[in-house]
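All remarks here apply to the structure that follows.
The values are calculated or read from the model by the stated rules, or taken from the named source; none is laboratory data. Since the model is a prediction, treat every value here as computed from it, not as a measurement. Cβ placement follows ideal geometry from the backbone for every residue including glycine, while neighbour counts extend to all protein chains displayed. Side chains included, ligands, DNA and RNA excluded: accessible areas come from the protein's heavy atoms. Shrake-Rupley method; radii C 1.70, N 1.55, O 1.52, S 1.80 Å.
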Amino acid sequence: RNPARYELLYNPLTGIFDEHHIEALATIRHLFPKAHPLGASFERLLDTLLVGLDDEQRALYNQPLPLRMALKLATSYSKIQQFLPTIKHAITTKHQLQFVYQSLDGEPLHHVVDPYEINYEHQHLYLVAYSNRTRQITDFRLDRIVPEFVASLGTTINDPERDLYPYVFRYR
């Protein structure tokens, strides 16, 4: 009535992680905490990679890091989870995007843009896009985009070969 059931657990990564690999995985855990917009994705990846760790390796993974780094965000990006998939899809399919952007002076502005990438700069996430309103490549802070008004237009980007970074200028 009750046939025997067997479960084969195999992780091809078991046994190949040395202390340097485990330290790198722990660093990734600290770089992308749960509050980060990509935190859940990295947590799932790390869970998959760490399945086969023995007790000694797991203790090494869980100990405090001697060198801590963080991609700390200056503000909460919890609202962007509503529209981040739309933006990522528009970037990968090279489709125009429209949204309402809360400007610094307080007036919300409607934008139709050609989205290119999302950048992390100075503890903020920015959408790099060509704006039809300003006729130039602009960085839009993701936390200032109004979630209810983000939509992919389905129309192809007008000039996909624009130079996003035509000048390199550094000031120290």
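Go ahead and run the numbers for FRET between ALA59 and LEU38, Cβ-Cβ distance against an R0 of 22 Å, rounding to 0.05.
FRET efficiency, ALA59 to LEU38: 0.25.
Enumerate the residues in the stretch 82-97 having an amide nitrogen under 17 Å from the point lying 7 Å beyond the Cα of LEU109 toward its Cβ.
Label zone hits: 97.
Quick one: length gained pulling VAL51 to LEU67 fully straight, 0.36 nm per residue minus the C-alpha distance?
Gain in length upon complete extension: 3.3 nm.
Work out the FRET efficiency for HIS122 and ASP18 from their Cβ-Cβ distance, taking R0 = 35 Å, and round it to the nearest 0.05.
With R0 = 35 Å, the Cβ-Cβ based efficiency is 0.50.
With every protein chain present, what accessible area does LYS94 have (1.4 Å probe, heavy atoms only), rounded to the nearest 10 Å²?
110
Consider the candidate values [x] 1.38; [y] 1.19; [z] 1.02; state which one is Cα Rg over 2.2 N^0.38 Å computed from the structure displayed.
Read-out from the structure maps to [x].
Heavy atoms only, probe 1.4 Å: what % of the accessible area of the chain goes to carbon and sulfur, would you let me know?
54
Hey, if you put +1 on the Cβ of every Lys and Arg and -1 on every Asp and Glu Cβ in the chain, which of TYR77, SER103, ALA40 ends up farthest toward the positive end of that dipole?
After comparing all options, I get SER103.
Roughly how many Å² of VAL112 are accessible to a 1.4 Å probe, to the nearest 10?
In the full protein context, VAL112 sits at about 40 Å².
Work out the length of the dipole vector of the chain about its Cα centre, built from +1 on the beta-carbon of each Lys and Arg and -1 on the beta-carbon of each Asp and Glu, and round it to the nearest 20 debye.
On the way: 18 positive and 20 negative charges, 70 e Å.
Dipole size: approximately 340 debye.
Pull out a ≥ b ≥ c, the square roots of the eigenvalues of the alpha-carbon gyration tensor of the stretch 100-172, then state rounded if a/c is under 1.5, prolate if not and a/b is larger than b/c, and oblate in the remaining case.
Numbers: a/c = 1.80, a/b = 1.13, b/c = 1.59.
Because a/c hits 1.5 or more and a/b fails to exceed b/c, the stretch 100-172 counts as oblate.
For the chain, report the accessible area per residue in Å² (1.4 Å probe, heavy atoms, rounded to an integer).
71
With every protein chain present, what accessible area does ASP54 have (1.4 Å probe, heavy atoms only), rounded to the nearest 10 Å²?
The accessible area of ASP54 comes to roughly 80 Å².
What is the Cα centroid distance between the stretch 99-172 and the stretch 47-95, reported in whole angstrom?
Comparing the Cα centres of the stretch 99-172 and the stretch 47-95, I get a distance of 23 Å.
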